[in-house]
Structure formats: C-alpha cells, structure tokens
Amino acid sequence: MKSFFVCIVVVLLSGCYPQEITRLSDDKSYAYNGGLFDGCKTGKGTMHDVAEQNQAAYKYVADYKEGWDKGFETCKSIPLSSR
C-alpha cells in the first residue's frame, strides 16, 4: 500500500520538477523515486524552507538516500529565477 501511495505522489508532483527529475526509471525502486522528489524539493528551496526528507528512510534505506542525494544535487543547481 505504501508503494502505491509513493507512486501516486510521484505522478502528482511530476509537473513541479525539472524534466530530469520527472522521468521515472523502471529499474529504480519506489524508495529511490520518493527520495529523488524529496531531495529535489529540498534543493529547490531557500535556506528558510524545511528540508523534505524522511530521516529514517534516509538513514536506513540505501535507495531512498541515493535518490534524495541525486534529487538534491540536481535541483540545487537550478537558477533561482527558474524555480
């Protein structure tokens, strides 16, 4: 059920992120894709925004951590005028 929820969230948020982030990969897990979106949301934020991160998943789920790191790095490099 949690996988279904993550999938729905990913689909709903797909219009809010750069094209690199909106493409889902069949060879990546739901945890990776969830981390990718959370990391991107955090990377696009300002220093006053709260980080979007499931801390338990980041600590214990390698796929989530890998996706979060990738999303953060990709989206923090987007110029502020494009956010």
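The values are calculated or read from the model by the stated rules, or taken from the named source; none is laboratory data. What you see is a predicted model, and the numbers here were worked out from it, not measured in a lab. Glycine gets a Cβ as well: all are built from the backbone with ideal geometry, and neighbour counts include every protein chain shown.
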Of all residues in region 26-83, how many are modelled with pLDDT of 90 or more, of a type in the set (A, V, I, L, M) and loosely packed, with under 10 Cβ neighbours inside 10 Å? 1
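Of all residues in region 49-76, which are among the aliphatic types (A, V, I, L, M), closer than 14 Å to ASN33 by Cα and in a helix (DSSP H, G or I)?
Keep residues of region 49-76 that are among the aliphatic types (A, V, I, L, M), which gives 50-51, 56-57, 61-62.
Then drop every residue that is not closer than 14 Å to ASN33 by Cα, which leaves 57, 61-62.
Result: ALA57, ALA62.
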